[in-house]
Amino acid sequence: MEMTAAAVEFSDVGVRFPNGTTALSRVDLTIQPGEFVTLLGPSGCGKSTLLRLASGLESATSGAATVSTDRIGYVFQEATLLPWLTVARNVALLAELDGLPQREVSSRVARTLELVGLQDFSQNRPHQLSGGMRMRASLARSLVRDPELFLFDEPFGALDEFTRERLNDDLRALWQRERFTGVFVTHSIAEAIYMGTRVVVMGAHPGRIIREYDVPFGAERDEHTRYSAEFAALSSEISDVLKGAMS
Ligand code: ADP
């Protein structure tokens, strides 16, 4: 029988910075290909450090951190777009840096813009877009490289609730279609549950994992999911754990 490697495997991982700050302590986390894991926790509990470890930008100072792919997408709260380039050129950039032939780049850009719903805005510049559309363009920039592991550092944190919920649905659809492994940081309990197959709750001082929840909802999720009794019960339980972590 063939064993499939975990997408991410952290075993007793610690990160201690030279100034003595322990950003992460004794983190055990295994993420299987195709999971969408959401990370919740107070500021300073090491969520970004955990993503940087997964991306290879940071190294563990103890334990073992293994990631099975180098096809990694990384999206931040601030849309990372070059203001002087059109949306299409912004999206093409990373594919070009990967050395793909121009024809392949063009077809990927077209497909990716369609996937994020920006096909009619390919010739616009970032300042002509709404905040939600800029975030879609930022997603497209990473998506064009066809990542196997997609890291999201609070991508929708600066958006209004309506836009955020639409992007939540669109990103879920994208994930179901493209089948990448997702690791998604958020401060919103509702977003963590709605988006995740698993919610990982972290605590600070030192940053660590304190609880994990398998999300009991399947692939089909919509606004009824958000207002269900089961959703409310899980939110309330996670809220109590988070409050405990902050006190
Ligand atoms: P979060 O994303 O959960 O807010 P971070 O991963 O950014 O947390 O940071 C975790 C802890 O590590 C915080 O106390 C932060 O101040 C500290 N930290 C982050 N980066 C560095 C660094 N390069 N040097 C020293 N301390 C750092």
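The values are calculated or read from the model by the stated rules, or taken from the named source; none is laboratory data. Treat the numbers as computed from the prediction; the structure is a model and nothing was measured. Backbone-built Cβ (ideal geometry, glycine too); neighbour counts: all protein chains shown. Heavy atoms of the whole protein, side chains included, go into the accessibility calculation; ligands, DNA and RNA do not. Shrake-Rupley method; radii C 1.70, N 1.55, O 1.52, S 1.80 Å.
Backbone phi angles across segment 9-23, fed through the Karplus curve with coefficients 6.51, -1.76 and 1.60 (θ = phi - 60°), yield HN-Hα couplings of 9, 10, 10, 6, 7, x, 10, 10, 7, x, 7, x, 5, 8, 7 Hz in residue order; Gly and Pro are listed as x. Taking every protein chain into account, the accessible area of the chain amounts to 49 square angstrom per residue (probe 1.4 Å). Among all helices in the chain defined by DSSP H, which have a length of 20 Å or more along the axis from Cα atoms plus a Kyte-Doolittle mean of at least 0.0? Qualifying helices: 229-246. Equivalent ellipsoid of segment 80-146: semi-axes from √(5λ) of the C-alpha gyration tensor, largest first, are 18, 12, 10 Å.
Counting only other residues whose beta carbon sits under 11 Å from that of ARG145, what net charge do I get with K and R as +1, D and E as -1? So the surrounding residues net to -2.
Computed about the Cα centre, the dipole magnitude for segment 80-146 is approximately 140 debye when only Lys and Arg (+1) and Asp and Glu (-1) carry charge, each at its Cβ.
The residue among SER130, LEU167, MET195 whose Cα reaches farthest toward the positive pole of the charge dipole of segment 123-203, with charges on the beta-carbon of Lys, Arg, Asp and Glu, is SER130. Between THR66 and ASP170, how high is the FRET efficiency from 1/(1 + (r/R0)^6) when r is the Cβ-Cβ distance and R₀ = 35 Å? Nearest 0.05. It comes out at approximately 0.70. Close amide H contacts of ARG211 (hydrogens built in the peptide plane, cut-off under 5 Å, sequence separation of 5 or more or a different chain): VAL201. With only the Cα atoms considered, segment 104-191 has a convex hull volume of 96 Å³ per residue. Summary of the geometry: segment 213-247 and segment 150-199, compared by the centres of their Cα atoms, lie 14 Å apart.
From most to least packed by mean Cβ count within 10 Å, the peptides 61-69, 204-212 give 204-212, 61-69. In whole angstrom, segment 138-178 maps to an equivalent ellipsoid with semi-axes of 19, 12, 8, each derived as √(5λ) from the alpha carbon gyration tensor and ordered largest first.
A dipole drawn for segment 27-159 from +1 and -1 charges on Cβ atoms has a positive end, and of ALA79, ALA64, LEU149 the residue lying farthest that way is ALA79. Only protein atoms count toward the accessible area here, which uses a 1.4 Å probe; on segment 80-146, the carbon and sulfur part of that area reaches 51 percent.
Quick note on the chain: its Rg to Rh ratio, both from C-alpha atoms and Rh being the Kirkwood radius, is 0.97.
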